[in-house]
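Enquirer: There's a structure below that I have some questions on.
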Amino acid sequence: MSSTLFRTKNVEQSIQDTEEPEHALRKSLSALDLTVFGVGVIIGTGIFVLTGKVAKENAGPAVSLGFVAAGVVCALAALCYAEFASTVPVAGSAYTFSYASLGELPAWIIGWDLVLEFALGTAVVAVGWSGYIRSLMDNVGWHLPAYLSGREGASGFGFDILAAALVLVLTCILVVGVKLSARVTTVIVAVKVTVVLIVIIAGAFFITGTNYQPFVPPAQTVAAESSLKAPLIQLMFGWAPSNYGVMGIFTAASVVFFAFIGFDIVATAAEETRNPQRDMPRGILGSLFICTVLYVAVAVVVTGMQNYRNLSIDAPLADAFKAVGHPWFAGVISFGAAVGLTSVCMILLLGQTRVFFAMSRDGLLPRFFSRVHPRFRTPHRPTILLGVIIAIVAGFTSLSELAELVNIGTLFAFVVVAISVIILRRTRPDLHRAFRTPWVPVIPILSVCASLWLMLNLPAETWLRFAVWMVIGFGVYFLYGRSHSRLAGREQSTAGRAPGAGTVP
């Protein structure tokens, strides 16, 4: 039984499956499109909110170093993703990579994990977008009825009509074509990057040098907790992270890391890229570099504009401009955040549908969902199904407590991809690799260690919810996926045709 659970799908077969007419996606994306996708999904509320929160509570002005540390952790994973995405240019990202190296059951686990990560991420972002839009509407005197404003704080019936509508509109755009999605994303990204640059350039004129003193505030020990809301590392070892000081920088990194989530989604579009061997590494690494530079610059500016002790947690950038007498920028920042979240939502939904499509094409989910639209050449069936489900979830559910499931799912994917690089280097050294992760196995091992460290800093209740989702996934695999696997069917067909089938030669 163990041999069937860990059967691998070779790279050549994965690429061959992408050429089946009814299951082939249109190749239309360039390196620029991929970079735009990456920047579009990475830059979200993190840059507008986390900067001030982490500076005030964890690191002080040294929060900029926390962004650098988080960027390094992501870069380690990005190098692994770049090798795989250029070597195995197939939809599915970490799911496809692990199928080629670790085997079917690990591939199913990571695919099931990614479905949760992207679906929940899309819903959370849609709800956040709705909040910004309602705020802007309130500013001009437009007010939605309470029962159409979401579940947050609702006493009776509550449905977030704006969040659901956003998901449905983006679903339609994704059905029409990924190139249209890229064009829409390009416009959105241009707007929000412009807003970020305005914050950096305008804020630089209001920097006061004394606000950087001390750049690394004295360390303060945090009391350990005993509830499920405590980080897992506290419950396991009794260790509590410290705020400020050198360790505070790493505590900050574990928090702001979540502002970088998304670059891995670029890898899900490998099959729709015209020249994936060249363009995937450029898109993945380029988008991560651009966002890291912007994050560090914003952190330097905001902590220079206002003393870190006085920064607000809810809207630090907007309030920093209010503190220096320029409240007009608060509206610009809110507009940029609302526009920016649109692209985040779209690309998360794109990533999820591609993983679902890849799993369906392999037979682990119903093959019905792997047929592409005859005209648009997009996986329209899973896109519509998932879009409707996520719209309902976003409309009816308050997801603030579940948002950290997105984080643990991403880190788990990082671990799997890094391990897969090491394994595939040993099992298939003959493969042509247009991009090679440097210093293997050192870089992948460092990536695994860094990701596990950040996972241990997540609350224990997040691990518990993640475990429940994984148990459900095991059930689905053994009840459906294992018996419908196309790879299993091919093996049985080959065995049936081989001389002396069923006997040991």
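Enquirer: Report relative contact order for the chain in percent, whole number only (criteria: Cα-Cα under 8 Å, sequence separation at least 6).
Expert: Relative contact order here is 33 percent.
Enquirer: Taking the Cα centre of the range 1-97 as origin, sum charge times position over the Cβ atoms of Lys and Arg (+1) and Asp and Glu (-1), and report the length of that vector in debye to the nearest 20.
Expert: 400
Enquirer: Let me ask another. Show which lysines lie in cross-link reach of Lys27 when reach means a straight Cα distance below 29 angstrom and same-chain residues fewer than eight apart are skipped.
Expert: Correct list for Lys27: Lys9, Lys179, Lys192.
Enquirer: How would you rank Lys229, Lys322, Lys53, going from fewest to most other Cβ atoms within 10 Å of each one's own Cβ?
Expert: By the 10 Å Cβ count, ascending, the order reads Lys229, Lys322, Lys53.
Enquirer: Then there's this: Return the lysines within reach of Lys229: Cα separation strictly under 30 angstrom, same-chain partners fewer than 8 residues apart disregarded; answer none if there are no such residues.
Expert: By straight Cα distance, Lys229 reaches Lys53, Lys56.
Enquirer: Can you give the charge dipole size of the range 2-491 about its Cα centre, rounded to the nearest 20 debye, using +1 on the beta carbon of Lys and Arg and -1 on the beta carbon of Asp and Glu?
Expert: Value, rounded to 20: 840 debye.
Enquirer: Label points 7 Å out from Cα along the Cβ direction at Phe6 and Ile198: separation in nm?
Expert: 5.6
Enquirer: Within the chain, which DSSP H helices have Cα atoms that stretch 27 Å or more along the helix axis and a mean Kyte-Doolittle hydropathy of at least 0.5?
Expert: Qualifying helices: 63-87, 104-139, 178-204, 276-305, 328-361, 404-427.
Enquirer: Return the long-range amide H neighbours of Leu29 (sequence gap of 5 or more, or a different chain), with a cut-off of under 5 Å between placed amide H atoms.
Expert: It is Thr273, Arg274, by chain and number.
Enquirer: Need the C-alpha centroid separation for the range 70-89 versus the range 439-473, integer Å.
Expert: 16
Enquirer: Could you tell me whether the chain comes out rounded, prolate or oblate from its Cα gyration tensor? Rule is a ≥ b ≥ c as square roots of the eigenvalues, rounded for a/c under 1.5, then prolate if a/b exceeds b/c, otherwise oblate.
Expert: Since a/c reaches 1.5 and a/b is larger than b/c, the shape of the chain is classed as prolate.
Enquirer: What residue among Ala107, Ala62, Ile15 has its Cα farthest toward the positive end of the dipole of the range 2-113, where the charges are +1 on Lys, Arg and -1 on Asp, Glu, each on the Cβ?
Expert: Sorting the options by dipole projection puts first Ala62.
Enquirer: Sort Tyr212, Tyr132 by Cβ crowding within 10 Å, fewest neighbours at the top.
Expert: Tyr212, Tyr132
None of the figures in this text is laboratory data; all of them are computed from the coordinates on show. All values derive from a computational prediction rather than experimental measurement. Neighbour counts are summed over all protein chains in view; Cβ atoms, including those assigned to glycine, are modelled from backbone coordinates with ideal geometry.
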